[in-house]
Structure formats: C-alpha cells, structure tokens
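The values are calculated or read from the model by the stated rules, or taken from the named source; none is laboratory data. Quick caveat: nothing in here was measured; it's all calculated off a predicted structure. Using ideal geometry, Cβ is built from the backbone for each residue, glycine included, and neighbour counts are taken over all protein chains shown.
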Amino acid sequence: MIQGVPLQHILLLTTLLFFIGVYGFFTRKNLFTMLMSVELMLNAVAINFVVFNAYLFPENLQGHFFTIFIVSIAAAEAAVAIAIIVNVYRNIRTVNAERINEMKH
Amino acid sequence: MSVTLFYITAVAILLFAILSVTTRRILRAAVYLLFVLIGTAAIYFLLRYNFLAALQLTLYAGGIIVLIIFSIMLTSQMNNQLEKPNDLQVVLASITSVVGVGLVLFVILNHSTFITQYSEKIYHVKEVALSLISYQKNGYALPFEVISVLLLAAMVAAIIMAKRELKNKEQ
C-alpha cells in the first residue's frame, strides 16, 4: 500500500476514471475512440483489483493475477476489434458507428 | 513523498482521461490515452507491484497504443476532425455518468469499514512467475494455459479477419 493514502481516495480515482470511460463510450461515434473508452474502463477496473489486493490482502496475489489476465485479455480483444474495424473500413469506407447499418432492419 | 506523487499522478490521469474522451482529433485522443496508461503504471510502481507496472508499460502503453495508432493511420483519417456529438447525447451521457459516480461513491463511502493491512513485502518477478506456473495451492497454471489458448485463438481470428478481403479479390 501507499503509506498515507487511504483506500477511499484510490477508489474515488478509479470510479471517476470508469465513468469518464462510460461517458466517452456513449458520446463517441468513431469506432476507434469507442474502443479507447472501453480501454479506459478496463484500466479502471484493473487498478481496483490491484488496490484491493495491496490494501486488504497483501499476503496473497489474487488481485495481482486478475490484473495480469485482464491486461492479456485486453490485448487479445484489441487485436480482434482492430482487425474487425479495419475490415469494416475496407468494405464500406467508414468507421462511423452510425453508418454501419447494413444488417439493420 | 509518495503521497504527493500519488495525488499528482491521480490528477494527471483524470485530466488526460477527460481530454481523451473529449478531444476532436483522433490521434490526440490516442496519445492522451497513452498518458493515462503510463499514469496507471506509475500507480502500480507506487504500490510496489513492479512486475505489473512493467507489464502495463510494455503490453498496454507499448503494444495496444501502437496497434491503435497504426490502424488509425491505415484508415487514413488522421487529419479530419471527429464530428461533434449532438447535445442530447452529451446531456444523457453526462447524466448517466454523474448518477453512476454518485451511486458508486455512496456505496463506497457508506460501507467503508475496510480493515487495511500494511505490508513491507515486495513481490519480485521470480515469485510472481513461480506462482503463475505452479499447480499447487495459490497456483495459476490452469488460467495461464487457458489464456495462452485464448491468445492463439485471437491471433488466428485477427489474421483471418484481415485476410478475407484478399481472398475475395483473387476469385
């Protein structure tokens, strides 16, 4: 733990970070910026795992490993998502989420 | 010392996060996101989880951001500005975020009887790695294997996704 910083302050930071991500996800229309907002949210959750581990159970490493797995899954997710976005761009020449409506009825 | 450092990092993270979701230039959004991720690594360093901080820097700040920036360049839309979100959307998203923050903070501040423990222990890479491959108690061999299969599947999926167009052209 960081000596002198209460747990609540770090939770405040991660809460604000998560909801900034939510705000970005709702207001953005570009697929790349939506992906970035998702990364922000994932990042906030990962900090939460680490902080709870460091403050409440410093003898164990569960939160630590959860974050390692979150980071690796985020890498896989970003790779697949970007492949899909590039493919969408090749097919319909746009990455605007509102103009991807070919399969909509 | 580390207290001031933490608060400076926290303010910087929030500032860059807000800039990242509100700027109208897409490449700048990616760079601000990079700063947020580096700030997160700094918090991990302050908590003395050095392996995790290194992982954050190499995988997130190094890997994912480079991937995003390269694909932004591939879709060649660096110079045009993103369109403004309409006002209704901004208002609704702000309400959602503020209500969410209020709800979560209400729960955190009302049920904050956390029993925090102080530990001087620093986990070195060797300990973390041994725990990652051990199949005894507190070992993570199974999720480690599952993650490796998932990464392989994601890699194959990404390659197939990117190659489909080429095949169509040949036919």
- [ ] Among the residues of segment A:89-105, write down those that are crowded, with 17+ Cβ neighbours inside 10 Å and either under 22 Å from the mean Cα position of the chain (by Cα) or outside any helix (DSSP H, G or I) (or both).
- [x] A:Val95
Open item on the list: Condition first: surrounded by fewer than 23 Cβ atoms within 10 Å (Cβ to Cβ), of a type outside the set (S, T, N, Q) and either within 13 Å of the chain's Cα centre (by Cα) or not assigned by TED's automatic domain parsing to the domain that holds B:Thr4 (or both). Now tell me which residues in segment B:43-77 satisfy that.
Closed with: B:Ala53, B:Leu55, B:Leu57, B:Leu59, B:Ala61, B:Gly62, B:Gly63, B:Ile65
- [ ] Take A:Glu39 and decide whether it is among the charged types (D, E, K, R), under 23 Å from B:Val21 (Cβ atoms) and facing chain B (nearest Cβ under 7 Å).
- [x] yes
Task: All positions within segment B:125-157 that are surrounded by 11 or more Cβ atoms within 10 Å (Cβ to Cβ) and aromatic (Phe, Trp, Tyr) - done: B:Tyr140, B:Phe144
Task: Scan of segment B:73-89 for residues that are within 12 Å of A:Phe26 (Cβ to Cβ) and in contact with a helix residue (DSSP H, G or I) (Cβ under 6 Å, 6 or more places away or on another chain), ordered by number - done: B:Pro85, B:Gln89
- [ ] Could you tell me whether segment B:68-75 includes any residue that is more than 30 Å from A:Arg93 (Cβ to Cβ) and modelled with pLDDT of 90 or more?
- [x] no
- [ ] Could you pull out the residue among A:Ala76, A:Ala44, A:Ala54 that is among the small types (Gly, Ala, Ser), free of Cβ contacts under 8 Å to residues at least 24 places away in the same chain and closer than 20 Å to B:Leu57 by Cβ?
- [x] A:Ala76
Open item on the list: Out of everything in segment A:53-85 that is more than 7 Å from chain B (Cβ to nearest Cβ), more than 18 Å from the chain's Cα centre (by Cα) and assigned to a helix (DSSP H, G or I), what residue ends up being surrounded by the fewest Cβ atoms within 10 Å (Cβ to Cβ)?
Closed with: A:Gln62
